[in-house]
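For reference, the structure is listed below as structure tokens.
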Amino acid sequence: MNSVLKQISVFTLSILVILLFTNSAFGQNNNKLSDTENGGFLEINTGILALNSRYIDAPENAGVIADLRFSYYWRGFFLENRGHQGIGFPGVGYNFYNEDTWMLDIFITETHPSILWDNEIDIENGVLNEQDGLIGIRPRESDDRIALRATRFIDDTTALRFLIAPISDTNGIAEVSPYLAVWYGKTWQYQNINFHSIYSAQYYNTSTLQYYYGVTDEDVSEKFQPYKAHSGVSLSAEFGMTYPLSADWLFESSVKLTRLPDNIHNSPLVSGRLESQAQISLTYVIF
Amino acid sequence: MITSFHSFGLIRRILFVLSTLCCVNSYAAEQQTTEDIFFKLKPHKCVSLHEGQQCFTKVKINWQTNIKSDYCLYSSQQRSALYCWKNTQQGNIEHELNTNADVQFVLKQSPNIVISESILKVSWVYKKKQKSRLSWRLF
């Protein structure tokens, strides 16, 4: 329920941001390129995900994933969801600059998922017990932020993306708590198979990591000893392939390895330094 | 004068023989109705991920006619024949190709009579909007 309210509040906030930009001159740019024309795409992805979770006592498990992935543009405003491969719950935003090599968006998204906040989401994603080992600590809500997102298209197969989100309200008030992320992605083709690799670095400040991985007095138990987290950088690498089975169906597979920040890997809530996941799935592209 | 008259007659005779051969050939080609001609591509579709990308496939082409003759197979990707068969009425070939547009295959009977044709269709999963699709596939 709380999650639903939170999502509603994110959407309300999004609409406000969208309205704020409706009358701006930036909107005039968007008719020039097809990328942000009205319309979008929608696809259903389902398959099996094997996850070696970052959280303590999470069983190594495999679950069924079923995601509705979409991106929709309307006059520069957009709504998108990458499912479990995305960085968070559906992002909403406004594209205010779109030239040949750069796209700039105001973007609202989840920069860190919730912990023990709403198990239904985990069930939906098929990762049934990932956080069961954390039961006993206070729940942490997801970190939803307004961000500036910049995408630089280096060539037809290579892109860089930056996200800067300086404000967080996870502690109940808006506070400066920088989150910075960069992704470098490249695709290449061999026969009709499209491969991709993505490397990313995400910086979280002390306040954020303490919120999610710290153990405070109210969390302390025999299992969870006091712990104070500090700022750090998470690194990840993903390698995947996509094969078109027909004009509507895709076969996809990927593996992803994430190295957690040095200052949280020995948190009582964390099982180790590395998190890994692998998935195989089928995608039906509706439009 | 007499010599030139003779030359004219020779040319006429050659022309007659050529036109007769041509008619015989046309007649032979006309004898092959569409029911008699088997010309099949497999697969007849090639799908790539993004519009504009090269699509790779190996096409098996089988053909059969009811007249023994010389035949050549052409594709819209090149001017010269992909393969020619001598004095036969059937053939098959495997042809590897990559393309970002439909490819037409034409079977011709020698010298240049179109017997049958078929098209390898190229389609894509993601149409246009390359930039969005690129970032979509990546992030």
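The values are calculated or read from the model by the stated rules, or taken from the named source; none is laboratory data. The shown structure was predicted, so the numbers you read here are calculated from the model rather than taken from an experiment. Heads up, the Cβs are rebuilt from the backbone with ideal geometry, glycines too, and the neighbour counts pull from every protein chain shown.
Across region B:43-77, what is the total count of residues that are surrounded by fewer than 18 Cβ atoms within 10 Å (Cβ to Cβ) and under 30 Å from A:F195 (Cα atoms)?
11
A:F21 - would you say it is at pLDDT 90 or above and touching a strand residue (DSSP E or B) at 6+ places or on another chain (Cβ under 9 Å)?
The answer is no for A:F21.
State which residue is farthest from A:S168 (Cα to Cα) when the search covers only region A:197-231 and only residues that are within 11 Å of chain B (Cβ to nearest Cβ) and crowded, with 20+ Cβ neighbours inside 10 Å.
The qualifying residue farthest from A:S168 (Cα to Cα) is A:I198.
Taking A:S276 as the residue in question, decide whether it is surrounded by fewer than 20 Cβ atoms within 10 Å (Cβ to Cβ), within 14 Å of another protein chain (Cβ to nearest Cβ) and hydroxyl-bearing (S, T, Y).
no
Looking at region A:172-223, which of its residues are within 27 Å of A:D57 (Cβ to Cβ) and assigned to a strand (DSSP E or B)?
Correct list: A:S200, A:Q202, A:Y204, A:V215.
For A:D100, are the conditions met, namely being in a loop (DSSP other than H, G, I, E, B) and at pLDDT 85 or above?
Details: in a loop (DSSP other than H, G, I, E, B): yes; at pLDDT 85 or above: no.
So A:D100 fails the test.
If I filter region A:249-263 down to residues being part of a loop (DSSP other than H, G, I, E, B) and at pLDDT 95 or above, which single residue comes out as farthest from A:Y55 (Cα to Cα)?
Going through the qualifying residues, I end up with A:P261.
Would you pick out the residues in region B:98-116 that are part of a strand (DSSP E or B) and loosely packed, with under 14 Cβ neighbours inside 10 Å?
Hits for region B:98-116 are B:Q104, B:V114.
Is it true that some residue in region B:33-43 is within 14 Å of chain A (Cβ to nearest Cβ), modelled with pLDDT of 95 or more and outside any helix (DSSP H, G or I)?
Checked region B:33-43: at least one residue is within 14 Å of chain A (Cβ to nearest Cβ), modelled with pLDDT of 95 or more and outside any helix (DSSP H, G or I).
Would you check which residues across region B:75-101 are of a type outside the set (S, T, N, Q) and closer than 13 Å to B:V59 by Cα and list them?
Keep residues of region B:75-101 that are of a type outside the set (S, T, N, Q), which gives B:79, B:81-86, B:91, B:93-97, B:101.
Passing the criteria: B:L82, B:I93, B:E94, B:H95, B:E96, B:L97.
Can you pull out every residue in region A:139-159 that is within 14 Å of chain B (Cβ to nearest Cβ) and either assigned to a loop (DSSP other than H, G, I, E, B) or under 16 Å from the mean Cα position of the chain (by Cα) (or both)? Steps first, please.
Going through region A:139-159, the residues within 14 Å of chain B (Cβ to nearest Cβ) turn out to be A:147, A:149-159.
If the condition is that a residue be within 14 Å of chain B (Cβ to nearest Cβ) and either assigned to a loop (DSSP other than H, G, I, E, B) or under 16 Å from the mean Cα position of the chain (by Cα) (or both), then A:A147, A:R149, A:A150, A:T151, A:D156, A:T157 are the ones that fit.
Take B:Q89 and decide whether it is touching a helix residue (DSSP H, G or I) at 6+ places or on another chain (Cβ under 7 Å) and over 24 Å from A:V285 (Cβ atoms). Full working, then the answer.
Details: touching a helix residue (DSSP H, G or I) at 6+ places or on another chain (Cβ under 7 Å): no; over 24 Å from A:V285 (Cβ atoms): yes.
No, not satisfied.
Consider B:L49 carefully, then state whether it is under 22 Å from B:S123 (Cα atoms) and more than 14 Å from chain A (Cβ to nearest Cβ).
It is false that B:L49 is under 22 Å from B:S123 (Cα atoms) and more than 14 Å from chain A (Cβ to nearest Cβ).
I'm checking my understanding of the structure. Among residues of region B:117-139 that are at pLDDT 80 or above and surrounded by 18 or more Cβ atoms within 10 Å (Cβ to Cβ), which one is nearest to the other protein chains (Cβ to nearest Cβ)?
In this case the residue turns out to be B:V125.
A:A237 passes all but one of (1) under 30 Å from A:D57 (Cβ atoms); (2) touching an Asp or Glu at 6+ places or on another chain (Cβ under 9 Å); (3) assigned to a strand (DSSP E or B); (4) free of Cβ contacts under 8 Å to residues at least 60 places away in the same chain; which number fails?
(2)
When only residues in region A:232-246 that are among the aliphatic types (A, V, I, L, M) and more than 28 Å from B:S48 (Cα to Cα) count, which is surrounded by the fewest Cβ atoms within 10 Å (Cβ to Cβ)?
Per the criteria, the residue is A:L235.
Looking only at region A:238-254, which residues are in contact with a Ser or Thr (Cβ under 7 Å, 6 or more places away or on another chain) and within 28 Å of A:G133 (Cα to Cα)?
A:E238 - this is the single residue of region A:238-254 that is in contact with a Ser or Thr (Cβ under 7 Å, 6 or more places away or on another chain) and within 28 Å of A:G133 (Cα to Cα).
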